[in-house]
Amino acid sequence: MSKKPIGGHGGNDPILTVNLPNDFGQDMGVTGHLIGEEMYFDDNTGMLTMEKLYRDEEGALAYGIISAIGHARERRAYTIEEQDESCIVSNGSLNLEFSYDELFELLAVAMAAEVESPSKQVNEQIRRRLAANE
């Protein structure tokens, strides 16, 4: 994730121009503030994960995550546009609109699925949502 400061608020909260790499769609460029970041290592799998969350000048969110084990890596990026009754989530190749209730339900399923069997249930929920949108 490359970044270039282009301004800020008293030097404490710079506005950054960032390119979020994405192996599953188009890379996503964002100009905004870094509002959160996390890096963690899973001793059981040997996976290093880095996450960054940005809010752009219009208020939309951009999220980048890079996971790596050894020399293998996976880079994903998402944008989230908040609206009054729903939000639009994009992974660079697909846009989905969720009501906030649907989004919270999906996140709850994702958290429960991670405990049970990582990502199997989440993928099933996304397939159902895509089928409902057709």
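Here are some notes:
- Screening Thr79 with (1) open to solvent by 50 Å² or more (accessible area, probe 1.4 Å); (2) at pLDDT 90 or above gives one miss only, at (1).
- Scan of the range 82-94 for residues that are at pLDDT 90 or above and hydroxyl-bearing (Ser, Thr, Tyr), ordered by number: Ser86, Ser90
- When Ser90, Ser99 are checked against the criterion of being polar (S, T, N, Q), touching a strand residue (DSSP E or B) at 6+ places or on another chain (Cβ under 7 Å), open to solvent by less than 80 Å² (accessible area, probe 1.4 Å) and farther than 20 Å from Pro21 by Cα, Ser99 stands alone in meeting it.
So that you can scan it fast, the table gives a plain yes or no per residue for (1) small (Gly, Ala, Ser); (2) out of contact with any Phe, Trp or Tyr (no Cβ under 9 Å at 6 or more places or on another chain); (3) modelled with pLDDT of 95 or more; (4) surrounded by fewer than 14 Cβ atoms within 10 Å (Cβ to Cβ):
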{"site": "Pro14", "(1), (2), (3), (4)": "no, yes, no, no"}
{"site": "Leu20", "(1), (2), (3), (4)": "no, no, yes, no"}
{"site": "Phe24", "(1), (2), (3), (4)": "no, yes, no, yes"}
{"site": "Gly29", "(1), (2), (3), (4)": "yes, yes, no, yes"}
{"site": "Gly36", "(1), (2), (3), (4)": "yes, no, no, yes"}
{"site": "Met47", "(1), (2), (3), (4)": "no, no, no, no"}
{"site": "Glu51", "(1), (2), (3), (4)": "no, no, no, no"}
{"site": "Glu58", "(1), (2), (3), (4)": "no, yes, no, yes"}
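- Filtering the range 75-89 to residues that are among the polar types (S, T, N, Q) and touching a residue at least 40 places away in the same chain (Cβ under 8 Å) leaves only Thr79.
- Of the criteria (1) open to solvent by 40 Å² or more (accessible area, probe 1.4 Å); (2) among the hydrophobic types (A, V, I, L, M, F, W, C); (3) at pLDDT below 90, which one Ala72 fails: (3)
The values are calculated or read from the model by the stated rules, or taken from the named source; none is laboratory data. Since the structure is predicted, the reported quantities are computational estimates derived from the model, not experimental observations. Methodologically, a virtual Cβ is constructed for each residue, glycine included, from the backbone with ideal geometry; neighbour enumeration extends over all protein chains shown. Just so you know, the surface numbers come from the protein's heavy atoms only, side chains and all, with ligands and any DNA or RNA stripped out. Shrake-Rupley method; radii C 1.70, N 1.55, O 1.52, S 1.80 Å.
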